Amino acid sequence: MNARRATLWIAAVATALAFLVIVFGAFVRLSNAGLSCPDWPTCYGKATWPGHEHEIASANQAFPERPFEGHKAWRVQVHRMLGGALGTLVLALALAAAWRSRIQLATVLAAALAAALGVVLYMRGETTISSLLSLVAIALPLFVAWRLERG
């Protein structure tokens, strides 16, 4: 499979996944499950959601204001996982588009690193720095694209 076909295949999968994320997001919202996992990107501190009695007890102790509701929590976390998979495909498409230009490739990688670091800092409670890194992750590619377009 050549690079063009691979890129088209990734784009098609990303398009289908984007549709799934939107539809599943509506399902999450309509089932009133939107706030069922109080922490992000985890769910009560787990990559999936608590499933065993001791995990549920620990979750309820850690977040007493938001008791665990298993029938809702899985919906939120699956939606987050689908969104994360979509983000990975979008990154792959951005890297494929920027592959031939060193400045564009460096920009995509720097923006992705800023976003990833922002997530880690957010999880540690550093919301101000995380917000600034999110701003960099969004603004840097836009600024470079604008500069490259201007010549």
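The values are calculated or read from the model by the stated rules, or taken from the named source; none is laboratory data. Being a predicted model, the structure only gives us computed values, none of them experimental. Virtual Cβ from ideal backbone geometry, glycine too; neighbours counted across all protein chains shown. SASA here: full protein model, heavy atoms, side chains in, ligands and nucleic acids out. Shrake-Rupley method; radii C 1.70, N 1.55, O 1.52, S 1.80 Å.
Could you list all residues from segment 106-129 that are closer than 15 Å to P41 by Cβ, part of a helix (DSSP H, G or I) and more than 14 Å from the chain's Cα centre (by Cα)?
The first filter runs over segment 106-129 and keeps only residues closer than 15 Å to P41 by Cβ, leaving 115-127.
With part of a helix (DSSP H, G or I) added as a condition, the list becomes 115-123, 127.
Hits for segment 106-129 are L121, T127.
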task = Working only within segment 59-77, note down all residues that are closer than 13 Å to G34 by Cβ, out of contact with any strand residue (DSSP E or B) (no Cβ under 9 Å at 6 or more places or on another chain) and part of a helix (DSSP H, G or I).
result = K72, R75
task = With the condition kept exactly as written, say whether any residue in segment 71-92 is among the polar types (S, T, N, Q), open to solvent by 40 Å² or more (accessible area, probe 1.4 Å) and under 22 Å from L132 (Cα atoms).
result = yes
request  = Would you please list the contacts, defined by Cβ atoms under 9 Å and residues six or more apart or on different chains, that run from a residue in segment 96-110 that is on the phi > 0 side of the Ramachandran plot to a residue that is open to solvent by 50 Å² or more (accessible area, probe 1.4 Å)?
outcome  = none
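Of a type in the set (V, I, T) and either surrounded by 14 or more Cβ atoms within 10 Å (Cβ to Cβ) or modelled with pLDDT under 90 (or both), is that true of T128? Spell out how you get there, then give the answer.
Numbers: of a type in the set (V, I, T): yes; either surrounded by 14 or more Cβ atoms within 10 Å (Cβ to Cβ) or modelled with pLDDT under 90 (or both): no.
In short, no.
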inquiry  = Quick check on this structure: which one of T7, T48 is among the polar types (S, T, N, Q), under 17 Å from the mean Cα position of the chain (by Cα) and either on the phi < 0 side of the Ramachandran plot or exposed (fewer than 12 other Cβ atoms within 10 Å of the Cβ) (or both)?
reply    = T48
remark   = Scanning segment 49-93 residue by residue, those touching a helix residue (DSSP H, G or I) at 6+ places or on another chain (Cβ under 6 Å), under 28 Å from L109 (Cα atoms) and not hydrophobic (A, V, I, L, M, F, W, C) turn out to be H79, G83
ask   = Does at least one position in segment 44-58 carry a residue that is out of contact with any Leu (no Cβ under 6 Å at 6 or more places or on another chain), of a type in the set (V, I, T) and not in a loop (DSSP other than H, G, I, E, B)?
value = yes
message = Cβ-Cβ under 8 Å, sequence separation 6+ or interchain: first residue in segment 65-87 and in contact (Cβ under 8 Å) with a residue 40 or more places away in the chain, partner of a type in the set (V, I, T) and open to solvent by 40 Å² or more (accessible area, probe 1.4 Å). Which pairs?
response = Q77/T48
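Tell me, which residue of segment 23-43 that is open to solvent by less than 60 Å² (accessible area, probe 1.4 Å), assigned to a loop (DSSP other than H, G, I, E, B) and not hydrophobic (A, V, I, L, M, F, W, C) is modelled with the highest pLDDT? It would help to see each step written out before you state the result.
Our first condition is that a residue be open to solvent by less than 60 Å² (accessible area, probe 1.4 Å); within segment 23-43, this holds for 24-26, 28, 31, 33-34, 36-39, 41-43.
From what's left, assigned to a loop (DSSP other than H, G, I, E, B): 31, 33-34, 36-39, 41-42.
Checking which are not hydrophobic (A, V, I, L, M, F, W, C) leaves us with 31, 34, 36, 38-39, 41-42.
Values: S31: 92, G34: 81, S36: 87, P38: 86, D39: 85, P41: 85, T42: 84.
Looking at residues that are open to solvent by less than 60 Å² (accessible area, probe 1.4 Å), assigned to a loop (DSSP other than H, G, I, E, B) and not hydrophobic (A, V, I, L, M, F, W, C), I get S31.
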inquiry  = Looking at L8 and the list (1) touching a residue at least 24 places away in the same chain (Cβ under 8 Å); (2) more than 11 Å from H79 (Cβ to Cβ); (3) not in a loop (DSSP other than H, G, I, E, B), which single condition is not satisfied?
reply    = (1)
